[in-house]
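Asker: I have a structure here, written as structure tokens, and I will follow up with some questions on it.
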Amino acid sequence: MVTTSRVSLSAPHELLSYVPALVGMRPIDSVVLVAFRDQSTCGAMRLDRGALTAPESEDEAIEAALDAVTRIPRITGVIPVIYTTHTFADAGGIPHERFAAALAPRIEKRGLEVIDMLCVAADAWGGYLDDSCRGHDLSLIADPEDLPDGSILDTDAELRLPDVDADDREVFAKARTALARVPVDAVEENAGSGSADNAFPADGSEFASAMASYVADGADVLDAELAFIAELLDEPVLRDVLAYSWAWGPESGTHLWNRVVAPEIFATESIDDPWMYAFAGRIEVRPDAEHLRTAITLLKRMCALQHPDDRAPGLTLISWCFWALGLSSFSAEWQREAIATDGTYGLAIIMRMILDSGTNPDWAFYDPDELSAESSEPVAGDPTR
């Protein structure tokens, strides 16, 4: 995960108290690279420690992590924090000294200062740059009282589907059966035909607006509506337009619709349209975080209502939403669930490639407070700006 929260601290245990909020979760067996711009934090990235300590993948994983961190604008230094279930007592000192010693010169080679190197073990915390450190009391690391609600997510809650009863599943199944009688591909064939009977308009604007309303209005969504969303997710074009509409709003959803369904509209434009790569994170425009959180809630309930064999599209889109929020750890868990459900599902395979490579979206490296309104917000009717 990469964040852009700022914390200016004077003592190591104070920094450690804020790290869970910087990465959005309580790290376990992790390496957190806390980035600094002079005296204040300007980002943080969490990685599973196992990937960084496996001999066959250590070099590649470290380089990918440092590549990501050094993309943070005007970064000047890093504090690595190693979280481990090992103990000072068993290690006879601070755990994972070899790994810390190998990491420090790699950071300095990037022109960054190693401000400090810390460890939070099962029985104590300490610093790798303090040769006399035998471990400090973990009680010194307490959650700050000024943290906003939701700063530290409940890992168990984020990684499970909600409970639904048999009656809810029956309503959902009946709605899916009814929708299946109207083949969506037939609607797609007529999209853009201007037919009065067409379910979607030629430019897709009504469809994109309707999809955006599910996450923008904050209203309760009926299980029958979730069945409709599940039906749409089975069609890649509609799935992608829906995802754009949820993440960036109806203008972006309409733009994608017009590019994919009615490309003749753009016949005279450059083919280098940045919005065509937005789903892969190759754009600076940050998605709406509240809308993505609402989308995750809707998708979780939809998946809970579905037959387990049908969940791959929804699970994958949950994975993408977490990744777009900068929560790659959660994203990876949902992606694994999607692959376990259907190992051939294309978008799940793409998400695995993104996550395995340590790729973060471009918008994760830009402080929204430092972007101008022109560069950070799509203009109505012209989301390419």
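Asker: Taking segment 148-178 only, how many residues are assigned to a loop (DSSP other than H, G, I, E, B) and open to solvent by 50 Å² or more (accessible area, probe 1.4 Å)?
Answerer: Count: 9.
Asker: Let me ask something else. Just to verify a result, which residue in segment 1-28, among those that are touching a helix residue (DSSP H, G or I) at 6+ places or on another chain (Cβ under 6 Å), open to solvent by 50 Å² or more (accessible area, probe 1.4 Å) and at pLDDT 90 or above, is nearest to Val78 (Cα to Cα)?
Answerer: Taking the candidates together, the pick is His13.
Asker: Which of (1) among the aromatic types (Phe, Trp, Tyr); (2) open to solvent by less than 20 Å² (accessible area, probe 1.4 Å); (3) free of Cβ contacts under 8 Å to residues at least 24 places away in the same chain does Trp323 not meet, given it meets every other one?
Answerer: With (1) among the aromatic types (Phe, Trp, Tyr); (2) open to solvent by less than 20 Å² (accessible area, probe 1.4 Å); (3) free of Cβ contacts under 8 Å to residues at least 24 places away in the same chain applied to Trp323, the lone miss is (3).
Asker: Please name all residue pairs, on different chains or six or more residues apart, with Cβ atoms under 9 Å, provided the first residue is in segment 154-174 and is small (Gly, Ala, Ser) and the second residue is part of a loop (DSSP other than H, G, I, E, B).
Answerer: What qualifies is Ala173/Gln306; Ala173/His307.
Asker: Hey, Ala104 hits all of (1) among the small types (Gly, Ala, Ser); (2) open to solvent by 60 Å² or more (accessible area, probe 1.4 Å); (3) within 19 Å of Arg37 (Cα to Cα) but one; which does it fall short on?
Answerer: (2)
Asker: OK, next. If the requirement is being surrounded by 14 or more Cβ atoms within 10 Å (Cβ to Cβ) and modelled with pLDDT under 95, which of these qualifies: Glu145, Glu97?
Answerer: When all the criteria are applied, what remains is Glu97.
The values are calculated or read from the model by the stated rules, or taken from the named source; none is laboratory data. Everything quoted here is computed from the prediction, not taken from an experiment. A quick note on method: Cβ atoms are made from the backbone with ideal geometry, for glycine too, and the neighbour counts reach across all protein chains shown. Heads up: the accessible areas ignore ligands, DNA and RNA and are worked out on the full protein's heavy atoms, side chains in. Shrake-Rupley method; radii C 1.70, N 1.55, O 1.52, S 1.80 Å.
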